[in-house]
Amino acid sequence: MDTLVLLLVLAAVFVWALVAARFQRADIAAPIVFILLGVGLVSLGLVDVAAAPETLKPLVEVTLVWVLFTDAARIRVQDLRADIGRYSRLLGIGLPLTILAGWALAKVLFPELDGWLALLIAAAVAPTDSALGLPVVTSPAVPSRIRRLITVESGLNDGIATPVVMFAIAGAAAVEGSKGASGIGVALIQLAIGVLVGVIIGAAGGYLLRLTRRKGWLAEDFAGVAVLALALVAYFLAVLVGGNGFVAAFCGGLAFGATAGRRRQAELVFLEQASGLVSLLVWLAFGAISVPLLLEHLSPLLVLYAILSLTIVRMLPVAIALIGAGLDRKTVLFVGWFGPRGLASLVFALLAIEELGESDAALVVTVIAATVFLSVIAHGFSAEPLAARYGRAEAARGPEPGGAVDEVAVRGLPRRRAEVDRTEEARPSSGGTGDGGAGST
C-alpha cells in the first residue's frame, strides 16, 4: 500500500504541474486539490492516520526549515529603510497583540485548554501567508508600498512566531509530562543557540557565495543547490549543538539575505521550487490528518474562533499598530483583512501532533485546521475583487505618495513564470562579475 500511495502522490504532483496554469487562482487551487487528495487517501484506507505523524516528521521539519529560510532570505533589511516604521509596527506591535488576543480568545472559548495550549493555537495561526493572496501582492493596481508592506510582514512573521510556538509546545509538553519534554528553561537556551548558529551560518554562506562568484569559482547552475543545503546546514548544526533548528533556519535566512547580494533572488529560485514541492505534500498531509480530526470535533465554537481569528483578532491589532503610520482607514482595513493563514500554520499543527501526541493536540489541531481552511476559502475568493476595488480607489486619489518602490519576491505555489523571468533578467551577461562587482550589495 505504501508504494501505491507514493505512486498516487507523485502522479498528482506531475498532473498538477500540467494543469496549474489553467486555474485562474492556481495558488489557491493547489492547497484545495491536495487537501482533497489527502482526504481521499484516508477515505480509501490507503493511509494509516495513527502512524502518519511519525512517518511525516522529516517532511514537516524540512518544509518548515526551507520556508523559514526562503521567506527571510527574500527580504533585505537594507532595502526596507524607507518604510521601516510601518514594518516595525506590524511585526513589533501588531503580531504580539494578535497572539495575545488569540490566546485570550482561546481561553474564553475553550476553557478546558491550559494556558500553553491556548498560546500554541494563538501563535500558530498568527503568521500570514501572502502566497495565498497573490492577486493582492502582485496586482499593479495596488500601490507598491502596500503590496510590499503585506509581503514583508508575511515573510517575517512566521519566523518571529516560531520561537513562541516552540516555547508553547515545550510548556505544554512539560505540563503533560510528555516523554523527552525539555522544559521551558531549556527551550529558551535552545532558542538563543539557534539564533547564534543561524546568523553565523547564514552570514558566512552568503559572503562565501559572493566571494567565490567574484573570483569565478562558483558554478552558477549549482548555486541554488548550495543555498538549499545551506538552510539544512543551519538547521542540523543548531540541533547538533543543542539549539533550535527552526530558529536557526530563519535567522540564517535573514543573515544570508543581508550578505549574499542582489543575486540572492536567482539563487533562491531552486530552493523555492523545492519548497513548493514539499509544501504540496504538507497540504496533502493536512488533508489526511487534520481534516478527519476537524470533522470529528467540528463545533460552533470552533467555527466562531476561526471567524474571529481572521477578523477582529487580526484586524484590530493591525489597526492599533498602524495608528500614526500615515495610512487612511481604507488602507488599514485592506492590510488587516489580507492576512491569509497558510503553510506555516499547518506545519506548526503537525509539529504539535508530533511533540504532544494526537490525543493531547487534537483540539489544538482542529482549531488551527478550521482557521486555515476558512482562510483559504475567504481570502482566496476575496483577493482579486477587493484588490481591484481598492486599486481603483487609490488610483483616483492620484500618484502613490512617496513614489513606487521595488517589488519583494513572493513565495508562491508554484512560483509564477513572470517572476522567474524577471529574476533571470537581473542576471548579468556572461563574462561579468556575477554580482555587480566587488562593491555591489
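Miscellaneous remarks
Every residue, every condition in (1) within 19 Å of G155 (Cα to Cα); (2) buried (at least 21 other Cβ atoms within 10 Å of the Cβ), yes or no:
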site	(1), (2)
L211	no, no
V233	no, no
A258	yes, yes
G261	yes, yes
A266	yes, no
V269	yes, no
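- Candidates S275, S345, S359, S290 - the one that is surrounded by fewer than 19 Cβ atoms within 10 Å (Cβ to Cβ), out of contact with any Gly (no Cβ under 7 Å at 6 or more places or on another chain) and assigned to a helix (DSSP H, G or I): S359
- Test: residue in region 69-77 that is under 17 Å from R341 (Cβ atoms) and in a helix (DSSP H, G or I): yes
- Being modelled with pLDDT of 90 or more, surrounded by fewer than 21 Cβ atoms within 10 Å (Cβ to Cβ), farther than 29 Å from G398 by Cβ and out of contact with any strand residue (DSSP E or B) (no Cβ under 6 Å at 6 or more places or on another chain) is a condition met by at least one residue of region 153-162.
- Matching entry among L301, L333, L327, L316 (being free of Cβ contacts under 8 Å to residues at least 40 places away in the same chain and over 21 Å from A131 (Cβ atoms)): L333
- Screening V164, V199 for residues that are within 17 Å of the chain's Cα centre (by Cα), of a type outside the set (F, W, Y) and part of a helix (DSSP H, G or I) leaves exactly one candidate, V164.
- Hey, G391 over 18 Å from A344 (Cα atoms), out of contact with any Phe, Trp or Tyr (no Cβ under 6 Å at 6 or more places or on another chain) and not in a helix (DSSP H, G or I) or not: no
- Verdict on L284 being under 18 Å from the mean Cα position of the chain (by Cα) and either assigned to a helix (DSSP H, G or I) or more than 29 Å from F222 (Cα to Cα) (or both): yes
- Residue in region 207-220 that is of a type in the set (F, W, Y), closer than 23 Å to F348 by Cα and in contact with a helix residue (DSSP H, G or I) (Cβ under 7 Å, 6 or more places away or on another chain) present: no
- Residue check, T128 out of contact with any strand residue (DSSP E or B) (no Cβ under 7 Å at 6 or more places or on another chain), part of a helix (DSSP H, G or I) and of a type in the set (S, T, N, Q): no
- Residues satisfying the stated conditions in region 74-106, i.e. among the acidic types (D, E) and touching a Leu at 6+ places or on another chain (Cβ under 8 Å): D83
- Residues that are farther than 15 Å from G336 by Cα and either surrounded by fewer than 24 Cβ atoms within 10 Å (Cβ to Cβ) or in contact with an Asp or Glu (Cβ under 6 Å, 6 or more places away or on another chain) (or both) within region 104-130 comprise A104, L105, K107, V108, L109, F110, P111, E112, L113, D114, G115, W116, listed in sequence order.
- Count of region 213-263 residues which are outside any helix (DSSP H, G or I) and of a type outside the set (D, E, K, R): 10
- Flag for A141 being at negative phi and in a loop (DSSP other than H, G, I, E, B): yes
- Any hit, region 253-276, residues being farther than 16 Å from F69 by Cα, touching a residue at least 12 places away in the same chain (Cβ under 8 Å) and within 21 Å of the chain's Cα centre (by Cα): no
- Restricting attention to region 293-310, the residues that are within 21 Å of L46 (Cβ to Cβ) and surrounded by fewer than 15 Cβ atoms within 10 Å (Cβ to Cβ) total 2.
- For beta carbons closer than 6 Å, sequence separation of 6+ or different chains, a first residue in region 156-170 that is among the aromatic types (F, W, Y) and a second that is assigned to a helix (DSSP H, G or I), the qualifying pairs are F167/A187.
- For region 311-325, a tally of residues being surrounded by 22 or more Cβ atoms within 10 Å (Cβ to Cβ) and under 14 Å from L105 (Cα atoms) returns 3.
The values are calculated or read from the model by the stated rules, or taken from the named source; none is laboratory data. A quick note: this is a predicted structure, and the numbers were derived from the prediction, not measured. Cβ atoms come from the backbone with ideal geometry, glycine included; neighbour counts cover every protein chain shown.
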